[in-house]
1. So how much slack lies between Q118 and A84, counting 0.36 nm per residue of separation and subtracting their Cα-Cα distance, in nm?
2. For the residue pair E34 and V22, what label-to-label distance in nm results when each label sits 7 Å from Cα along the Cα-to-beta-carbon direction?
3. In Å², what does the accessible area per residue of the stretch 37-89 work out to with a 1.4 Å probe?
4. If I model a spin label as a point 7 Å beyond the Cα along the Cα-Cβ vector, how far apart are those points for A97 and A71 in nm?
5. Does the stretch 67-129 come out rounded, prolate or oblate by the C-alpha gyration tensor, with a ≥ b ≥ c the root eigenvalues, rounded set by a/c under 1.5 and, if not, prolate when a/b is larger than b/c and oblate if not?
6. Under the rule a/c < 1.5 gives rounded, and otherwise a/b versus b/c splits prolate from oblate, where does the stretch 25-129 land using the Cα gyration tensor?
7. Roughly what % of DSSP beta bridges within the stretch 46-121 run antiparallel, to the nearest 5?
8. What FRET efficiency comes out for the pair Q47/E12, r = Cβ-Cβ distance, R0 = 25 Å, nearest 0.05?
Amino acid sequence: MSKALQTLTLEESRARLQAKAVRAAAHDGAAALELIRHWPAARFVGQSVAGFWPIKDELDVRPLMGALHDAGHDLYLPAIKRAAHPLIMRRWSPSEALIKGPFNTREPVKSAPEGHPQIVLVPLLAFTQ
């Protein structure tokens, strides 16, 4: 591996560790409620929304998903149909039970209809502009 590539890899590792520390420090219920406050509701009226169930210290989108459901949006959660295949989105509402999925995830029951949501809420560790 070249010295330049080693330096880049080390910098990326440091940036990832720093982003994880920031995310862990910000992990509380207030952050999840801020999602609701800042959701551009007028822009996305009636659109279907998928969200990823939080794992560990990821931002919890469940309060936003509940508010979107109450506002009439169709909701979806990702599910793993088969190993090494793309995720599918299954319809879900907050009143419906979830089953345990791989990687400590929760997903809708296998009989839930599949769909193609227009908006997907994805947990990110960090990004640049």
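The values are calculated or read from the model by the stated rules, or taken from the named source; none is laboratory data. Remember, it's a predicted structure, so these values are computed and weren't measured experimentally. Here the Cβ positions follow ideal geometry from the backbone for every residue, glycine too, while neighbour counts run over all protein chains shown. Calculation scope for accessible area: heavy atoms of the full protein, side chains included, ligands and nucleic acids excluded. Shrake-Rupley method; radii C 1.70, N 1.55, O 1.52, S 1.80 Å.
1. 9.9 nm
2. 1.1
3. Numbers: 3080 Å² over 53 residues.
Per residue, the stretch 37-89 has an accessible area of 58 Å².
4. Distance between label points: 3.1 nm.
5. oblate
6. Working: a/c = 1.60, a/b = 1.20, b/c = 1.33.
Note, shape of the stretch 25-129 comes out oblate.
7. Values: 10 of 15 bridges.
Of those bridges, close to 65 percent are antiparallel.
8. Using R0 = 25 Å, I get an efficiency of 0.15.
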